[in-house]
Structure formats: structure tokens, C-alpha cells
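Before any comments, here is the structure.
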Amino acid sequence: MLDGCTPWPEEFATLYRSEGLWRGERLGDLPRTWARTFGDRTALVAGDLRLSYRDLENRIDRMAAGFHRLGVEPGDRIVLQLPNVPEFVIVAFALFRAGAKPVFSLASHRANEIRHLCELSGASGYVVPGVYRGFDHTALALRMADEVASLRQIFVLNAENGEESDAGSGAETGTAGATVIPLARVDADPVPLPDSDPSDVAFFLLSGGTTALPKLIPRTHDDYVYQTGAVAEVCELGADDVYLAALPVEFNFTWGCPGVVGTLGQGGTVVLVETPVAEDCFRAIERERVTVTSVVPTVAQLWLEEAAWGEADLSSLRVLQIGGARLQPELAARIEPELGCRLQQVFGMAEGLLSMSRKGDDPESVVQTQGRPISPADEVRIVDEHDAEVPPGVTGELLTRGPYTLRGYYRAEEHNRRAFTEDGFYRTGDLASLTPEGNLVIEGRLKDVVIRGGDKISAGEVEGHLLTHPSVARAAVVPVPDEFLGERIYAFVVHRGEKPALAELKRALHERGLAEFKLPDRVEFVEDFPLTPLGKIDKKVLAAAAKDPALSRDWAPAPSTPDPRDIPDHEKTLVRPLARQER
Ligand code: AMP
């Protein structure tokens, strides 16, 4: 296995193989098998472009040979930063086939994150879109090549002159500079490529979170092929399904839950759109007769608003997967009646474990819980602060291990000692409980708590109660430092109708039986929330604002990205659904 990664212990690897979960297939070989099985069926759609399974395989095969000819070798790390375009899929599979390991960067990452990803992974290559939404990624890549010695090749999707060139001064840093290569030139007649080990790392996903720079999550061929197949089975996905990739495709949710890879594995069609904005997605759903898609709760909320006003025909939609952040039961209950499709709750993480509600689950549990793990080999423990298991109904930290859950972050020995138990369980940092029926309920983050005078208050719990008030449309609770209590509870609220007074909110929460010490100390009304690139509420920004009343509450553009051109359009729209306000 690639140096810097933690393999599964031999006894587990043997077990997963003997149970038929790890089948020794490589991600890079899948498109060939798909092309043989599904041939002329449509694999990918983006705007007017339609690629059959055969087209897709041909393009991947030629590009893999192209990378090989350009000196990309098995084991090389290549940072992949493209938006939701067909080339993302083609490049990723071509790199898998060439044995290189793509590092899935978010399209919205900038110098800070990219430098970190290149350095941490020791990347030799970086794939960029060129100028995308006003931001010059090639210029950023050149800067990175000057700063990071390992970076030698920059592959550009929309290269301006289409010519290969040497770039990056290298003079001051002592590096050799880098070659800029238009992606269109990564093309060669197919040749036999070196074999790679299916139990080795295929690519890297990034850890989520809104606090630190991302960590690298190694995903092996065996574990990811298994995950995508297992989710497709749970979702009862078939060749007639059409999956809409609305969230960023580099997100594990969109790429493999079942997402792009799971849908292609069944002979279905993947439709790519570049933003999760409701109007664009609804048009795509109507035109392509989309049957399944996945969104985060903030996007689901905007989709509900659009559905109430718009006239798009969503009748083809069979399942809406919602996950990535806590879905409030009130919002969950509106999905089926208002969108006319089945809700599937998804609790997942790029690190591995996936838990989902299933068709046929009783409606109450679909609204209230995040279902059950997708694999019989997933091991889940809910523990107290001494790592002792707690009974059903009691909240504790969720620990997990299994056939597609990592055993260690890449090159992170010290962090790994804290993030895993001695027997290899991953400490998710999520607070959860189990219902008597065995469904998971995610209550919040271990660290998403306010510690007020020694009492630990789950932000998610207070938010849930606030949301039951008719004047509260959205709520986010963060700690604010306090000289006497250590921290106090600060609630940001997006209100609907009249603004309720703090006293009125407290009274209502108290009447619901919320303990006195959990009542918000301060409520601030805002128009909207700052969001991370994936549409999760950015609590880091909110906590900073709670501390400093002078900080701007105008979250668009986000305070950390002063240049408005750095903000992808979809984020602007997510933050401010202007169309709605103008009507
Ligand atoms: P990521 O790896 O970026 O997908 O982030 C994973 C984290 O998102 C999990 O550890 C949870 O904290 C959170 N998360 C994902 N799905 C849900 C969900 N359905 N409900 C609550 N939190 C979730």
C-alpha cells in the first residue's frame, strides 16, 4: 500500500474478501466492463453533450495512455480540481487506469487549500479548468508550481492557446518549474498500462469540517468499488435510473453514494449540472427525466421554495437523497408531500460509514432518523466519554469500522492516534443514538457544543427546539466566550414574519421543556447564514461574528474570500435566493 497510508489488518482484509465484499476489481477497469455491458446506452449528459458508455470508455482509454506517455506513473499524486463537467469523470478514471492517485479538491479551493493539498500529497500534477467563473486557475497553478517543489505538470481543461509550454520561473525557489499541458493533448493510442493492486489506494477524498485545513482520506479500489455497489443495491438503482449530480461531483455524496460511480455501475445515466440552484436543477430534472438526486438540507430548503412557486415537472423524480448535515424533521416531513418523491436520509462521511433510510421504512422513522448502515459488515458503537457502549436511546459518540471506512488519514500519524481507537474504530466526532429498531439518529457534533458553566449543550438540540417556533425559519447556535461562564449560548436566527423577542423565544423553549441552562443567552436575527462550499452552515464564521459585533453580517461574499470573483455563482445564489426575494 502507498507509503503514508494505514492498511486494514490482514485478518479484516481476509474476512472482507472471503465474504465477497472486496472483489479485487480496480476502479480504472470498470468503464471497460461497463462499455461491454451497456454499450450504446447513455452514460453521461452535460448540457447538449451526451456520451454513451462506449464513448466514455474510448475517451478514458485514450486519456490514460496520454497520461502514461507524458510520464505520469503509478503512485503519482495529481490534484484534480474541475467543476461538474464530463472531463471530471474522464480524468478521474483515466488517472485510476494509469495508476495515479487523484486528490479530489473542491472547485472553490484557492491558494491556501491548494498549497496545503499539493504539499501534503506531494503532488506532481494539478488539473485545473483554466479560467472558470472569472477565476484564473491556471495562474494559481503557476504560482503553486513556483511554491511547491514536487509540482511538475499542470493540465488545463480550457487552455487559452492550446499549446504545451514551460512555465513557472523556478529561479528563486530552485524548482525546475512546471509544464502547462492542455488536457486535449493528454491523448494517445491505447497501450497496455502497468497493473496496480486493487487493495491499494485509488484516490484521496478530503475530510469535511469547517475548522481546519482538510486531511487526506485514502480510498482503495476494493473499498470504493464495494461502497458504490452496496449503496446502489440499497437504493435499488437500475439501468433506467437517471442520477442528477447537482452538488459538487468531487464530494463523496455525489461521486459514490451511489452518485456518479454507483449509477454508471448499474448502466444508468448521469446528468451533470454546474450548480445546485433550484431553477437549473428543475429544468434538468424535467428535460432528462431524472429519477434520483442528492442534496444537502440547505439546498433542499431552497428547492421546496422553488417548487411552491415554479411550474417544473418533477414527476420523474423517484428519490431525493438528503444528507451531509442535520436534516430537521420539520423539513424532512415536507419533502414527500411538496416534491412528490420519496425522501432518503443519508448520513455519511468521506471517511467511510454510510447510513441510509430505505424504501419501505415506516414514514415516521424516515423523517426522524438517518436509517441504518449500508453494509452488514459495518460495525457501529455508540460510547460515553470512557469509550463504554451506551444503551439505545442514550446519546454518545459514534465510533465505526468496516470494509469501506478508513484505518488512518494519509501522512497524519499523530492525528491518527487520536482519531482511532486501538482496535481500529474511527472516532467520527458525531453525537448519535440508536432507536430500539436500530436506526441511527445523529444529534450533532461532539465539538458542536456550547460549554456553559461546565454544562455541555448540544447546538443541534437547541436549534431543533428553536425551529419549532413559528417565527423561526432557520437557526444556528454557536458559543460566545464569557468571562463568568466560560461560554454562553448565541443563537443566530433567520426569522419569518414578525421578529420574536428573546424573552418570547425563551418562554416558548421553556414551555417545550428545554432546561433553563440550555436557553439561548442572546438571539441575533440575520437575513441568511454563511455557507461552506458544500452548502453546510459555516459555524466558524458565525462564531467569529458572535464574538465581534462589528464584523459584517453580510455573508455574501463570504468574509474569508474578499474578491467576489472567487465565489462560485452557486454559492452566491445559495446564500441569497434573490429570485425569491424579488417576487
Ligand atoms: P463529509 O465528510 O464532508 O461528508 O462530512 C461528514 C460529516 O457531516 C459527518 O461526520 C457529520 O458530522 C455530518 N453529516 C453528514 N450527514 C449528516 C446527516 N444526515 N445528519 C447530520 N450530520 C451529517
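The values are calculated or read from the model by the stated rules, or taken from the named source; none is laboratory data. In this text, all values refer to a predicted model and were calculated from it rather than measured experimentally. Note that we place each Cβ from the backbone using ideal geometry, even for glycine, and neighbour counts take in every protein chain shown. Note: accessible area is taken over every heavy atom of the protein model, side chains too, but ligands, DNA and RNA are not part of it. Shrake-Rupley method; radii C 1.70, N 1.55, O 1.52, S 1.80 Å.
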*Two-decimal ratio, the stretch 449-571, of alpha-carbon radius of gyration to 2.2 N^0.38 Å*: 1.09
*Which loop GluC sites (Glu not before Pro) in the stretch 394-443, with loop taken from DSSP, have no more than 15 other Cβ atoms within 10 angstrom of their Cβ?*
E422, E437
*So in the chain, what percent of DSSP beta bridges are antiparallel if you round to the nearest 5?*
60 percent
*Counting other Cβ atoms within 10 Å, which GluC sites (Glu not before Pro) in the stretch 268-357 have at most 15 and lie in a DSSP loop?*
E311
*Is the stretch 1-155 best put as rounded, prolate or oblate by its Cα gyration tensor, with a ≥ b ≥ c the root eigenvalues, rounded for a/c under 1.5, and otherwise prolate when a/b is larger than b/c, oblate when not?*
oblate
*With every protein chain left in place, what is the accessible area of K215 in Å² (1.4 Å probe, nearest 10)?*
60 Å²
*K101: which lysines have alpha carbons under 18 Å from its alpha carbon, excluding same-chain residues fewer than 8 sequence positions away?*
K215
*Per-residue HN-Hα couplings for the stretch 138-145, Karplus 6.51 cos²θ - 1.76 cosθ + 1.60 at θ = phi - 60°, whole Hz, x for Gly and Pro?*
5, 4, 4, 4, 5, 4, 4, 5
*Return the long-range amide H neighbours of G429 (sequence gap of 5 or more, or a different chain), with a cut-off of under 5 Å between placed amide H atoms.*
L398
*DSSP beta bridge pairing in the stretch 449-571, given as percent antiparallel to the nearest 5*: 80 percent
_Estimated 222 nm signal from helices in the chain, with DSSP H stretches of n ≥ 4 weighted -39500 (n - 2.57), rounded to 500_ = -9000 deg cm²/dmol
*Across every pair of different alpha-carbon atoms, what Kirkwood hydrodynamic radius in Å does the stretch 220-445 reach?*
18.0 Å
_Largest first and in whole Å, what are the equivalent-ellipsoid semi-axes of the chain based on the Cα gyration tensor, each being the root of 5 times an eigenvalue?_
38, 27, 26
*asked:* Give me the percent of accessible area attributable to carbon and sulfur for the chain, probe 1.4 angstrom.
replied: 50 percent
_Restricting the stretch 453-508 to GluC sites (Glu not before Pro) in coil, as DSSP defines it, with at most 12 other Cβ within 10 Å_ = E483, E498
*Per residue, how much accessible area does the chain show when a 1.4 Å probe rolls over the protein heavy atoms, in square angstrom?*
41 Å²
